[in-house]
Amino acid sequence: VVVFSLSKLQLKTGDLDPRLFSRLRHLQKLDLSDNLLDKFPNSLTLPDLRVLNCNNNKLEDVTALKQFPLLEELTYENNVYLTLNDDYKVIFLLQNLRLLNGKDITKLANHVRRVNSRKLTSKVTAHWEKFFRDQLPEKYTPEQVKSIKKKFLKSVQTNVVYGPSSLSEFTRWRVKMIAEEFLAHSLGLELNSDSEPEEKTDENEEESTESPREAAEDVAQVGNFSSYISNVTVTPSKRKRNHSKSSPGNKRSKTQANTKEEAAEDVSAEPLHFLQCHSKGNSREDFKTQLWSCVFEPVLDSGARKDPIVSSSRTVATCGGESVCLIDCETGTVLKKYKVATEEFFSVAWTTLTMVISDSRKKAHNILAAAGRRGIVKLIHVAADFCYGEIKAHKKPIATVCFSPTQETHLFTASYDKRIALWDIGIPDCDYNFKASQLLVLETASIPLRIALVPTCPEQYLLAGCENGCFAWNIKLDKGQKSRPFEAIFQFPDEESVTTSHRVDGLAFLNDDVVVSKSSKPGCIYLWSWSRSFDAKGKGCQRTMSAVILAELEWSTTDMSYLTLSTCPAREYVFCGDEKGSVWMYNLSSHTTAWGSAKGKRSERRISPTQILKWPELRVNGEQPREILVNNVVADPAFTYLVVLTSVNITAIWKKP
């Protein structure tokens, strides 16, 4: 066997001279690992190549590998810009490939080359028949052919969807290929050589969060890869919607009732998946691990244009126990799992960093921060499947973390040490070197549980729900003071009086002005106005201010703490779980206009939930879990999916039909 090693020579793409390689026609093994290659030349002419090693390069595209049709073994690990989409491309292009990155891909290859192709061909054909066949006249000119082909290719790549969103790039690539073959062979619509060049995708296209090393053998066999609960039975009748009923003291007019029913129709959701993916030691018997935080991955956009297919991410990061998981909500697939044996994770948050890649080009990448009991923040570059650093932020546990919406490297960490710290996590270079620095410390009177930046001025004010009240800080960095006391504490009604001392375990903004906060006092969720409550003109710190209450939401009468709430601002919804596994949902779109006026008065009656999603009769090994607390519930920005985190190590995913 002829072997040729060019490893560790700092080679760039231009150094691979086709004239040299044309003399190696019988070469079967080539080692190009540990170099600086960003792509392959198209004409290396190695017709007998069987084994290729490209580990530790800077490859960004793999389609040129089709020039090696006899390739059987291929490795390109630690090429940070290659994703699962690239795996699928080479599997399709190289029909003899058996091993990819050391794994047998025989079963997956059958799916990619046959099942996937068959499904996509069927969808492409159906799209033509439904939308384009009648547009083509019996006698057509070359200009008409060119026009309809261009329209069809654009339409079919946008509208034909199959498989998880993390494979959307591969799907579009295959759909275009299939569509062109369909037009050429089935209809004889071949274009002249002066056809339109292929529209290039922007560099900032969404990247897969799946790891090639962890990819499922067959995406159609979700059960092989997802940590589904074994032997689960869901009683079908419980899949029906459960319309909420008003309490006896809250009678509504006919008009109000109709509005609620219409909203309930709009919000109806069905249980989609129940996952047990945070088990300690991967035990299927673990129904004790508490799940705490979940955040949907932001969609990587390309300037002003977002990916036309994926308008809202369906990938969510969840944490609890020793692990952080990335889940595709549609398929229930656990795309990634990060474990730290000595940790208990309490919070996760996303940011998008523009990182410099080869040739000084920049590319946007999503970074996930995860923190918990050890007081350490883990920084994970998800597309590269790499935890590239950590920040020892506090000596006590971190309750929650959040990134600034305007300063992508600014991370707030709220800790049991009664401090909220602001960090600049920096931007890692191509070798993942980074420098984190502490910019600010906010002193709290008690443990901070939830934090929220004020949407209209996220670089100036931060709100925190703490063990003994709700506080605000001035976080403007041009002030010299690095350690700061709170600027205001808010008073809330308490039976017949007002009080500042109560545990605030839920806090979020519904829109630019309306704050939603939850007190541990039974059944108490307040909506109040930030602008009308906070006096920015007053001087001095630690002032007491009365929260201007807009409304109160009817919720469970439990006094159970730490069942937090969330909002979906784009849809004007509030969500909060309870001590029975149910999710209370409130559509507040009919109220926000009135609240927005300067004279907006407080709603006299508590606002009833639009709908309560009841926990289904879920049986695990024949038994129903006993006490199910909903610790957190979060919707994606478009409110397509609802992710419910429980106290019994079950992640429930609901979907609007």
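What number does the stretch 3-187 give for Rg over Rh if you use C-alpha atoms and the Kirkwood radius?
The Rg/Rh ratio comes out at 1.05.
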Legend entry - In sequence order, calculated HN-Hα J values of the stretch 129-136 (Karplus, 6.51, -1.76, 1.60; Hz; x Gly/Pro): 4, 7, 10, 10, 4, 6, 7, 8
Inset, instruction - Estimate the FRET efficiency between residue 15 and residue 354 by the formula 1/(1 + (r/R0)^6), using the beta-carbon distance for r and 22 Å for R0, to the nearest 0.05. - result: 0.15
Inset, instruction - Starting from the Cα gyration tensor of the stretch 484-596, take the square roots of the eigenvalues, sort them a ≥ b ≥ c, and report rounded, prolate or oblate (rounded when a/c is under 1.5, otherwise prolate if a/b is larger than b/c, else oblate). - result: oblate
Legend entry - Residue among 175, 28, 108 farthest towards the positive dipole end of the stretch 3-187, charges placed on Cβ: 175
Legend entry - Ranked packing of 479-486, 553-560, most packed first, by mean Cβ within 10 Å: 553-560, 479-486
Legend entry - Listed residues 514, 3 arranged by accessible area, highest first, probe 1.4 Å: 3, 514
Inset, instruction - List the pair-distance distribution P(r) of the stretch 601-657, using every Cα-Cα distance, as the percent of pairs falling in each 5 Å bin from 0 up to the bin containing the longest distance, rounded to whole percents. - result: 4, 13, 22, 20, 15, 13, 8, 3, 1, 1, 0
Legend entry - Value of Rg to Rh for the stretch 514-657 (Rh from inverse mean 1/r over Cα pairs, i.e. Kirkwood): 1.03
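Grab the Cα-Cα distance for residue 99 and residue 619, subtract it from 0.36 nm times how many residues apart they are, and report the gain in nm with one decimal.
On the way: separation 520, 0.36 × 520 = 187.20 nm, distance 4.02 nm.
Net length gain for the segment: 183.2 nm.
If you stretched the chain out fully between residue 386 and residue 73, how much longer would it get, using 0.36 nm times the residue separation minus the C-alpha to C-alpha distance? Walk me through the numbers on the way to the answer.
Numbers: separation 313, 0.36 × 313 = 112.68 nm, distance 2.41 nm.
So the chain would gain 110.3 nm between residue 386 and residue 73.
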Legend entry - Calculated from backbone phi, Karplus (6.51, -1.76, 1.60) coupling profile of the stretch 382-399 in Hz, x at Gly/Pro: 5, 4, 8, 6, 9, 7, 8, x, 8, 10, 7, 7, 9, 8, 10, x, 9, 7
Legend entry - Reference-scaled alpha-carbon Rg (2.2 N^0.38 Å with N residues) for the stretch 354-420: 1.26
Legend entry - Cβ crowding within 10 Å averaged over residues, with 629-638, 108-117 ranked highest first: 629-638, 108-117
Inset, instruction - Work through the residues other than residue 437 whose Cβ is under 14 Å from its Cβ and net out their charges, Lys, Arg +1 and Asp, Glu -1. - result: +2
Inset, instruction - Determine the percent antiparallel among the DSSP beta bridges restricted to the stretch 3-187, to the nearest 5. - result: 15 percent
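The values are calculated or read from the model by the stated rules, or taken from the named source; none is laboratory data. Note that the coordinates shown come from a computational prediction; the quantities given were computed from them, not determined experimentally. Because the Cβ atoms are built from the backbone with ideal geometry, glycine has one as well, and the counts that use them run over all protein chains shown. Protein only, heavy atoms only, side chains kept; ligands, DNA and RNA dropped before computing areas. Shrake-Rupley method; radii C 1.70, N 1.55, O 1.52, S 1.80 Å.
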